Each structure stands twice: as C-alpha cells, then as structure tokens.
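A short worksheet on the structure shown next.
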Amino acid sequence: MAIRTIREIGDPVLNKVSKEVKEITPRVQELIDDMFETMYESNGVGLAAVQVGVLKKIVVIDTTGEDPILLINPRIVEFSGEQTGNEACLSVPGKTGSVTRPNYVKVIAQDEELNEFEIEGEELFARALCHEIEHLEGHLYVEKVEGALMDVEPEEEE
Ligand code: NI
C-alpha cells in the first residue's frame with residue numbers, strides 16, 4: 001500500500017467525469033487499498049479516486065474512524081429532507097464552507113466483487129455520500145457553498 005498525492009483545487013482532473021469500473025484488476029485493488037490508506041493518513045472522512053488523479057467511479061468513506069465503506073459505481077437513487085452544515089474536502093485544504101444537502105440518501109453501489117448493494121445514510125453520512133459522489137461527476141463542494149469559503153482555524157500545536 002502507498003499514500004497517494006491528493007490533487008488540489010485548480011487541478012483540472014478534479015472537474016472531469018469519472019468512468020464506470022467494469023473489472024476489479026490487481027491495479028484497481030491496489031488503488032482501493034491506497035485510497036483507504038491515503039484517507040486515514042489525511043484524517044479525511046471520504047475520498048474519491050479522482051482526488052488521487054484516477055478517473056474511476058470509486059469512493060471510500062469512513063465517518064466514524066472504524067467503519068470503512070467502499071463504493072464502486074455509486075449512484076443516489078433516493079433522497080429526502082435537508083441539512084445545512086459546514087463541509088470540507090481534502091482537495092481544498094484549510095477551507096470550510098456551509099452547504100445544504102439532503103438529510104437522507106439511498107445509494108446503490110457495487111462492492112469489491114462488483115456485487116450490487118444498497119446503503120442508506122442520514123446526517124453526516126448522507127452528507128459524505130453526496131459530497132463524494134459529486135466528485136465522480138467532476139464537482140467540488142465549493143460550487144455549492146452558501147456565503148463565504150472560510151479558513152479552518154489552525155490546530156493548536158503542543
Ligand atoms: Ni471532497
């Protein structure tokens with residue numbers, strides 16, 4: 001496994017549409033492993049393959065730190081409600097901004113063997129699902145920010 005370089009806003013790859021995954025080759029498996037490692041190393045709650053420069057519809061999410069979820073070819077099939085809250089992105093370092101999202105989403109995706117499954121999320125998990133799936137369409141949350149994009153307070157060093 002390896003930590004991959006995270007592409008940052010301004011890199012044109014982030015605005016490209018990712019392609020469907022049709023086969024889990026050893027290279028794809030390695031990409032998935034690296035995506036989890038890169039996400040945890042960066043203290044992120046989600047990462048899309050495009051953020052490491054690979055245009056494949058692959059997303060990893062872990063909103064609790066102990067619940068790794070892999071989504072291949074994910075799509076939102078149902079959503080309801082509304083939530084507004086601050087969002088951030090590993091591709092937009094040091095920034096945060098307020099975004100309104102559905103409070104509930106249902107997603108259909110495929111697992112590591114390309115078997116289809118359904119997953120539902122509310123609140124933070126629903127927000128993460130929306131945010132990551134939008135990456136696969138070439139969109140960043142900054143396009144949806146209400147008000148100003150703010151600087152994240154730097155963490156105090158001890
Ligand atoms: Ni992001």
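No value in this document is a laboratory result; all are computed from the given coordinates. What you see is a predicted model; the values in this text were computed from it and never measured. Here the Cβ is made from the backbone with ideal geometry for all residues, glycine too, and neighbour counts use every protein chain on show.
Contact map, segment 35-63: first residue in contact (Cβ under 8 Å) with a residue 60 or more places away in the chain, second residue of a type in the set (Asp, Glu) and away from the ligand (no atom under 14 Å from the Cβ), Cβ cut-off under 7 Å, separation 6 or more or different chains; pairs are Lys57/Glu20. Note on segment 80-117: among residues that are of a type in the set (Val, Ile, Thr) and farther than 23 Å from Val13 by Cα, the one that is surrounded by the fewest Cβ atoms within 10 Å (Cβ to Cβ) is Thr84.
How many of the residues making up segment 122-136 are closer than 23 Å to Ser91 by Cα and more than 10 Å from the chain's Cα centre (by Cα)? So the count comes out to 4. The residue that is surrounded by the fewest Cβ atoms within 10 Å (Cβ to Cβ), among those in segment 43-79 that are farther than 19 Å from Glu122 by Cβ, within 11 Å of the ligand (Cβ to nearest atom) and of a type in the set (A, V, I, L, M, F, W, C), is Val50. Scanning segment 82-94 for residues that are touching a residue at least 24 places away in the same chain (Cβ under 8 Å) and away from the ligand (no atom under 16 Å from the Cβ), we see that the one that is farthest from Phe117 (Cα to Cα) is Thr84. Tell me, please, whether a residue that is part of a strand (DSSP E or B), closer than 16 Å to Arg75 by Cβ, over 11 Å from the mean Cα position of the chain (by Cα) and aliphatic (A, V, I, L, M) can be found in segment 137-154. No.
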